[in-house]
1. With Cβ to Cβ distances under 10 Å as the rule, what net charge do the other residues near A:ASP190 carry (K, R +1; D, E -1)?
2. Search the structure for amide H atoms under 5 Å from the amide H of A:ILE137, placed 1.01 Å from N in the peptide plane, and list their residues when 5 or more places away or on another chain.
3. List the residues, sorted by chain then number, that are 5 or more residues from A:ALA33 or on another chain and whose placed amide H is less than 5 Å from its amide H.
4. Using protein heavy atoms only (no ligands, DNA or RNA), what is the total accessible area buried between A and B, 1.4 Å probe, nearest 100 Å²?
5. May I ask for the net charge around B:LEU142, where only other residues with Cβ less than 13 Å from the Cβ of B:LEU142 are counted and Lys, Arg are +1 while Asp, Glu are -1?
6. Along the range A:24-32, what does the Karplus equation 6.51 cos²θ - 1.76 cosθ + 1.60 (θ = phi - 60°) give for ³J(HN,Hα), rounded to whole Hz, x for Gly and Pro?
7. When ligands, DNA and RNA are left out and all protein chains stay put, how many square angstrom of accessible area per residue does the range B:134-230 have with a 1.4 Å probe?
8. How far, in nm to one decimal, is A:GLU134 from itself in the other copies if the label point is set 7 angstrom along Cα toward Cβ? Shortest first, please.
2 protein chains.
Amino acid sequence: MEGKKILLVEDDPNFGAVLKDYLMINDFDVTLAKNGMEGFEKFKKDTYDLCILDVMMPYKDGYTLAREIREKNQEVPIIFLTAKTLKEDVLKGYKVGADDYLNKPFDSEVLLVKIKAIIQRKASEVKPDTNQFEFTIGKFHLNSKLRFLTFPGQEPIKLSPKECELLKMLALFENDLMPRELALTKIWRDDNYFTSRSMDVYIAKLRKFLKLDENVEILNVHGEGFRLLIKQ
Amino acid sequence: MEGKKILLVEDDPNFGAVLKDYLMINDFDVTLAKNGMEGFEKFKKDTYDLCILDVMMPYKDGYTLAREIREKNQEVPIIFLTAKTLKEDVLKGYKVGADDYLNKPFDSEVLLVKIKAIIQRKASEVKPDTNQFEFTIGKFHLNSKLRFLTFPGQEPIKLSPKECELLKMLALFENDLMPRELALTKIWRDDNYFTSRSMDVYIAKLRKFLKLDENVEILNVHGEGFRLLIKQ
DNA sequence: TTTTATGTTAATCTTTGGTTAATGTATTTT
DNA sequence: AAAATACATTAACCAAAGATTAACATAAAA
């Protein structure tokens, strides 16, 4: 549950700051945006596990923002914060794809319980895309669930979570460019100098493993990303 | 969604009847019980897709009933109806394993939306067959009802409830990953540092028992969970 | 040729898991 | 009621696994 990324969009700066601090104390990684516009910009730039949106905001209200977020991402859970308890609002929220509704003023402990319940629920749902976990990479076979990379006549190689996720993503883009930025935001959940270097380290590790099959190779596309090349 | 069975436990006969009718008009198959005692009797006699429990009831309140229901069945969704909005009550409800909370007076349309959302969610969850209680684990045989683990030429080993549940869950995932989080939420009903360590202690105990058969092993998948490996 | 991006190794830091034993807690036996 | 028991949780310590960072080397682009 630790380190889950939350996008908090709240126009009241005091309340926003307090709530952010409270969530961070409880081991969430919180990004605060002070209006709908900024919220959507931040949403596009990163990958979040949960969005908490204030309904009443100037320029762009919570519902509009939620609809925009849903266009980009059908999965991410959304919680609305609202002072209103009007039925139409609640129904409107559910229609836009809300996961829960919280009336202000609310108890922080209740919010925490709800957040945990929602994140846990989402985690246990079957995701159609991410569900594939068996890959053939040249003579190799990758099981990304058990994190095993097998090669005929060899003991299976155990992969670390990062090694495994990276190789899986390369395999999904087989022979095609896997953008650097994509791997960083999806796997490292952050895109900066250090995570970028970290990724390079992992590329080196994978190359070492993949040496067993001379027809498999990870190529760099300068400034763009990497390419898992599988010859013939 | 049609014909789903709902157990409605509500002591106010007027309100109960109205709600029952409303739900039946909306194609649910509703059984009404007028107190906790009767509710539990009816629950044991049939299989329901959802329970809607009033919190405030004479003799046996909704929480107590929910706990009893949870003992028999960890899966069935529970919605509480309550006039109170006290924080402790909400938290208590979630701890007992509630799926949602509704404050009276509530809007019937909202209730309907919630019911549908919850039933749909539960339907999409994968549930391993929890009724099975006989397992073959290599040369071992586990009876999870009597909590006996037998090995040819040995006195049967008596297992404690936790030992047994954990081994059973591992057996259900035989040779596949049993996610740590799943065992914690299902068996320990909580997922935190201490329950996690407690589980590790139980894994150690099970490993000790399983040593008798060198083809049976509990492997760890770092950060993910455990795997009951049964060789050939 | 100067800057920027990548390759690689090793050191350091962090998180997770294994194990034993002590402590807590409820139930049963005496 | 006290003692015994069975079981579960917590603590403590160590080991293993994994991730990041630093440092230096090399390659590609501006």
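The values are calculated or read from the model by the stated rules, or taken from the named source; none is laboratory data. Since this is a predicted model, take the numbers as computed values, not measurements. FYI the Cβ positions are ideal-geometry reconstructions off the backbone, even for glycines, and counts take in every protein chain you see. The accessibility values were calculated without ligands, DNA or RNA, using every heavy atom of the protein model including side chains. Shrake-Rupley method; radii C 1.70, N 1.55, O 1.52, S 1.80 Å.
1. Summing Lys and Arg as +1 and Asp and Glu as -1 gives -1.
2. So A:ILE137 has HN proximity to A:LEU142.
3. Close amide H contacts, sequence-distant or interchain: A:LEU8, A:VAL9, A:GLU10.
4. What A and B bury together is about 1900 Å².
5. Net local charge, B:LEU142 excluded: 0.
6. With the stated coefficients, the range A:24-32 comes to 5, 4, 8, 6, 9, 9, 9, 10, 9 Hz.
7. That works out to 52 Å² per residue.
8. 3.0
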